[in-house]
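In what follows, a single structure is set out as structure tokens and then discussed.
The values are calculated or read from the model by the stated rules, or taken from the named source; none is laboratory data. No experiment lies behind these values; they were computed from the predicted model shown. So basically every Cβ, Gly included, is an ideal-geometry build from the backbone, and we count neighbours across all protein chains shown. Heads up: the accessible areas ignore ligands, DNA and RNA and are worked out on the full protein's heavy atoms, side chains in. Shrake-Rupley method; radii C 1.70, N 1.55, O 1.52, S 1.80 Å.
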Amino acid sequence: MRDRLIPTIATIGAVYYTVIFMYAKGFESLFTDPIFGLITCSIVFLLPALISKSIFKKSYFGLGYILSTLIYPLIYILAYIVNRYLGIDAQLIYILSALIISFLFISLLVYLTYSQSRGEVIKMSKSILVFLFVIVLLFVIYKILGVPNSSITSLDFLQHNSVSVQMSNGTLCITPNDCSGLFKKLGYTTYYHTIQTMITQGFGIEIGIAEVTSRLAFIATSGLAVLSLIQRNVKDDELAFAGMLVSLFTFELGAYSFNFLIPQTFALLLFINILNEEKLTWKKFLVVLPILFASHFVFGIFFSALLGIYLLFFQKKSISKDLGRTVALLSFLAIAIVFLANWRGFSVEKLIQQKDIEQLGFFTNYYFPDNVIYLLKQYGFLIVFFILSVVNTLGRKKIPSILLYSVVYISVGLVCYFLAPTYANKFLLGSSVFMGILITYFISKLRIKRPYGFVLLILIFLTSIPFYFVNLKQYDIFYTQSSGKVSAITQEDKDLVNSLKDIDLDCRLVSDPLTQLIVQSQIPVDTAGGQYQELKTRRDFLTFIQNPNENTYNELINNQEVGKNICILITPRIYTYKRYVSEDQIYWLNSMYEYEIDNDYHYSLSEDLVTFLKSKGYELTNMPSQQYFFSK
Amino acid sequence: MGARVVLFIHILIECNMKNILKVLTILLVLVTIPISIYYGLRALNTPYTYTYTNNSIVVTLPNKIWFEFSGTKDTLDEDNIFETEIPQVEKSGYDIGLQYPKYSIYTPSNVANKTQKVSRKGNTLNISLEVDIQKRTYEKYVQYIYFSQYGDILNGIYRQDGCNVGISSQNGKIIWNEENASASIEYDAKNMVKIKDNIEVNISCYER
């Protein structure tokens, strides 16, 4: 019974907490509670692992996990069909599904706790503790950095939630572009979005809480998958745990491997699961390939190619002198060649992506020596230990295949990075995992007496924490409000969304880019370009606000992004233009990727604007916090 | 016998290699930990940046407001003395942890030569200034500071959007112009051939 204590406490604790909270603070408060958010997000990410183990009789992480994630698109399909053909609210289906999967999760957890062998239950207990440890550690780091429990530090999450809102509204969304105008390019299907929909629409978690808790739960789940991968080759559990920490706590700007829940990082989780599969074959790979591809087109292809390399050269237990080592060596040497080319000024974005660069107005990559400094700042001294472990690995007679593969994986990522297509830093996705694997194996082979090997690896992990801190803090600057709070959503935005939910928005909303994104991510409404509003549209809008007349109004509504059936939302963000000495300095006006975060600038609404819009048939509705809504 | 010796030597080499690697790894860890901690100390400071560009010392705050110590608007009385001059700029020092880069700027002209040294300690930017006046005697030397956004100025501190910028001068007189989002530092140049000053810019943001 003692062995089953931890999963039992976890199960009872989660249920008890929910019930007591509802009793003490009311049902409505649940959806703004971070602990409840954490419980529900953990259910969403861990349920596939439980299904894989209990129903498919496979390991927690592997192909079983990937196939089990199909429950979420199936729920969406069910909600769509029931809504379309039976007229039942899709949102209701999602809520019922949330209840069912919660019940399923608890049932499977109890089943596995009391039906498995003692050894298996102990492993499960350790996994629960590791999961909680990662969450607590992340939580502490966020607190130190000033990230509140309800916070948006990823505009992508908002963007993807606009799809979730439409999906729970019964709209058919095979790709995000089908039901949200916020996506400029076609990058994936809505496979990922079915998961986010379950969190924000099924469980109804408030969006700021959802972003934080889904991120915590996702990173912790990824940690378990990484731990499982390391444990295949390093039999020491403590070392494997330390190696997992090394892998998780690297802040990779652009790649965001274990930093945010977005389609590419979800694709990484699937990839790690594929590598976790015992006896991976081409047949098994082909079965899950569509899911990988559906999650992210670019990384689906990238990971597929890497898995092809794995199956061709590394799908063996131990490789001595053969092709695998040669491939690893060649790929490592390829870094030097591509680096030299980059040093001389070559890059893919300069050569064949000029149009993209012209549109953006800037290069998306660093160039020598900044690109090297970037790597040093990102990985810190892990690079030193990585190089040491690569040399040691390649010099060994017998090497587990995953280690040579790790060299190949990182080499391919670096080759792509130095080839420098646009946003090349995203090809470093997952590099920290394989660095962690190599370093952990290296330490394990030094045969240092227990527990000093573990202590040594923890110290290596500790050397990467300052870099993680500095990089995360640097990243958070963009989302820092003038009060010091880190979140793209302000209290004024929350009040605004709550007010707009009561209004029938049968129009295209026109406002500043960030407000558009925040509204469209939570309410089924179209906006004039969302956060990627064209620079011309921003200028036309501001010109109209500053000088409302027939000419400026026509210029605005004749803009393709705007149109004639519009409603206009005036926010303090727009009026911050008055703070600038020169309009050329207004960064949200002159750059597609810049936004005014604070929404509390004090201003007086122009009487001329009100008079003009009323003459055009608009009615004014006062919103909270100096926000004004004009509609016909 | 020979084979046994070879095997023994091989084992000895392997053991030694392993020990060498162990020692090397432990040494590396011991060396990298303090460096990493020192690197991480930067997170304690306000993350503003500064650089020398377009003949000006430009400071960018984390809320994206920037201000510049203009290098082309300096005046001796009514004469704009460095408008077309090309400064010689030297960047030095490390940019890690609590250490920040230093700039040394030398701007010559027919009328006066200006030397500025820019460095940072904690959240304070130090600008040392030396102006050697070569020609006739002037009454007043003025340098100008321009902000990208209007702000509230109280007790010599510029405040906007969560950040505070306090400017102090050892030998000059700071005059703020809230309407133009600018400031000037005036120096008495009467009968002087050298003007020296130490300017301190204290920046703090998002005090919670």
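The table for this structure:
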{"quantity": "Proximal aspartates and glutamates relative to A:Lys632, as straight alpha-carbon distance under 14 Å, when same-chain residues fewer than 8 apart are discounted", "calculated": "A:Asp504, A:Asp506, A:Glu619"}
{"quantity": "Computed lengthening from A:Phe363 to A:Asp495, 0.36 nm per intervening residue step minus Cα-Cα distance", "calculated": "43.7 nm"}
{"quantity": "Chains A and B together, accessible area buried on both sides, 1.4 angstrom probe, square angstrom", "calculated": "3200 Å²"}
{"quantity": "For segment A:475-529 versus segment A:34-77, the gap between their alpha-carbon centres in whole angstrom", "calculated": "31 Å"}
{"quantity": "Sites A:Leu376 and B:Leu41 - FRET efficiency at Förster radius 22 Å, r taken between beta-carbons, to 0.05", "calculated": "0.80"}
{"quantity": "Relative contact order [Cα under 8 Å, 6+ residues apart], chain B, whole percent", "calculated": "17 percent"}
{"quantity": "Amide H contacts under 5 Å for A:Arg508, placed H, 5+ residues apart", "calculated": "A:Ile566, A:Cys567"}
{"quantity": "A:Asp370 accessible area, 1.4 Å probe, all protein chains in place, Å² to nearest 10", "calculated": "80 Å²"}
{"quantity": "Spin-label zone in segment B:110-139 - amide nitrogen under 12 Å from a point set 7 Å from the Cα of B:Ile174 along the C-beta vector", "calculated": "B:125-127"}
{"quantity": "FRET efficiency for B:Asn155 and B:Ala3, using Cβ-Cβ distance with R0 set to 60 Å, rounded to 0.05", "calculated": "0.10"}
{"quantity": "Net charge, A:Asn558 excluded, C-beta distance under 15 Å - Lys, Arg +1, Asp, Glu -1", "calculated": "0"}
{"quantity": "Whole-angstrom gap from segment A:135-208 to segment A:381-440, using each part's C-alpha centre", "calculated": "31 Å"}
{"quantity": "Protein-protein interface of segment A:379-403, residues with accessible area decrease of at least 40 Å², isolated chain reference, 1.4 Å probe", "calculated": "A:Phe381, A:Phe385, A:Leu388"}
{"quantity": "Segment A:545-601, relative contact order in percent, only Cα pairs under 8 angstrom and at least six apart counted", "calculated": "28 percent"}
{"quantity": "Accessible area expressed per residue, segment B:140-208, with surrounding protein chains retained (probe 1.4 Å, Å²)", "calculated": "50 Å²"}
{"quantity": "Of the DSSP H helices in chain A, those whose Cα atoms cover at least 24 Å axially and whose Kyte score averages 1.0 or more", "calculated": "A:5-25, A:34-54, A:90-115, A:118-145, A:207-231, A:323-343, A:401-419, A:452-476"}
{"quantity": "Potential extension, A:Leu329-A:Ile352 segment - 0.36 nm per residue separation minus Cα distance", "calculated": "5.4 nm"}
{"quantity": "Unpartnered cysteines - no second Cys beta carbon under 4.7 Å - across chain A", "calculated": "A:Cys41, A:Cys416"}
{"quantity": "Mean Cβ neighbour count within 10 Å, used as a protection proxy, ranking A:47-57, A:329-339 highest first", "calculated": "A:47-57, A:329-339"}
{"quantity": "Backbone HN-Hα couplings from phi across segment A:575-585 [Karplus 6.51/-1.76/1.60, Hz, Gly and Pro as x]", "calculated": "6, 5, 4, 5, 7, 8, 5, 9, 5, 5, 8"}
{"quantity": "Other-chain or far-sequence residues with amide H under 5 Å of A:Tyr188's (modelled H)", "calculated": "A:Phe297"}
{"quantity": "Cleavage-rule hits, chymotrypsin sites (Phe, Trp or Tyr not before Pro), segment B:84-114, DSSP coil, Cβ neighbours within 10 Å at most 15", "calculated": "B:Tyr94"}
{"quantity": "Å² of accessible area per residue within chain A, as computed with a 1.4 Å probe and no ligands counted", "calculated": "40 Å²"}
{"quantity": "Mean-position separation - Cα centroids, segment A:210-275 and segment B:32-53, in angstrom", "calculated": "27 Å"}
{"quantity": "Residues along segment A:450-469 losing 30 Å² or more of accessible surface when the other protein chains are present rather than the chain by itself (probe 1.4 Å)", "calculated": "A:Leu456, A:Leu459, A:Thr463, A:Pro466, A:Phe467"}
{"quantity": "Solvent accessible area, Å² - A:Met435, 1.4 Å probe, full protein context", "calculated": "10 Å²"}
{"quantity": "Two-site FRET efficiency, A:Leu145 against A:Tyr628, from Cβ-Cβ distance with R₀ of 22 Å, rounded to 0.05", "calculated": "0.05"}
{"quantity": "Net length gained if the chain between A:Asn558 and A:Leu459 were fully extended (0.36 nm per residue, minus Cα distance)", "calculated": "29.5 nm"}
{"quantity": "Loop-resident sites, segment B:77-177, for trypsin sites (Lys or Arg not before Pro), counting at most 15 other Cβ within 10 Å (DSSP)", "calculated": "B:Lys135, B:Arg136"}
{"quantity": "Across A:Lys279/A:Lys426; A:Lys126/A:Lys445; A:Lys58/A:Lys283, pairs whose alpha-carbon gap is larger than 20 Å", "calculated": "A:Lys279/A:Lys426; A:Lys126/A:Lys445"}
{"quantity": "Burial of 20 Å² or greater, segment A:477-521 residues [accessible area, probe 1.4 Å, versus chain by itself]", "calculated": "A:Ile477, A:Thr480, A:Ser482, A:Ser483, A:Gly484"}
{"quantity": "Heavy-atom accessible surface of segment B:27-97: percent carbon and sulfur, 1.4 Å", "calculated": "57 percent"}
{"quantity": "Two-site label geometry, A:Phe478 and A:Arg2: point separation in nm, points 7 Å out along Cα→Cβ", "calculated": "5.1 nm"}
{"quantity": "Label-to-label distance, nm, for residues given as A:Ser604 and A:Tyr587 (7 Å Cα→Cβ offset)", "calculated": "3.0 nm"}
{"quantity": "Carbon plus sulfur fraction of accessible area for segment A:235-360, probe 1.4 Å, in percent", "calculated": "68 percent"}
{"quantity": "Burial order of peptide ranges A:527-537, A:555-565, A:29-39 (average beta-carbon count within 10 Å, highest first)", "calculated": "A:527-537, A:29-39, A:555-565"}
{"quantity": "Point-to-point label distance, A:Leu96-A:Thr422, nm (Cα→Cβ direction, 7 Å offset)", "calculated": "4.4 nm"}
{"quantity": "Enclosed volume per residue, in Å³, of the convex hull spanned by Cα atoms of segment A:112-244", "calculated": "155 Å³"}
{"quantity": "Contact order normalised by residue count of chain A, Cα under 8 Å, 6+ apart, percent", "calculated": "14 percent"}
{"quantity": "Average beta-carbon neighbours from other chains, 10 Å sphere, peptide B:27-38", "calculated": "5"}
{"quantity": "Solvent-accessible area, 1.4 Å probe, carbon plus sulfur percent, for segment A:460-527", "calculated": "46 percent"}
{"quantity": "Interchain or long-range residues, amide H under 5 Å from A:Glu596's placed H", "calculated": "A:Leu514"}
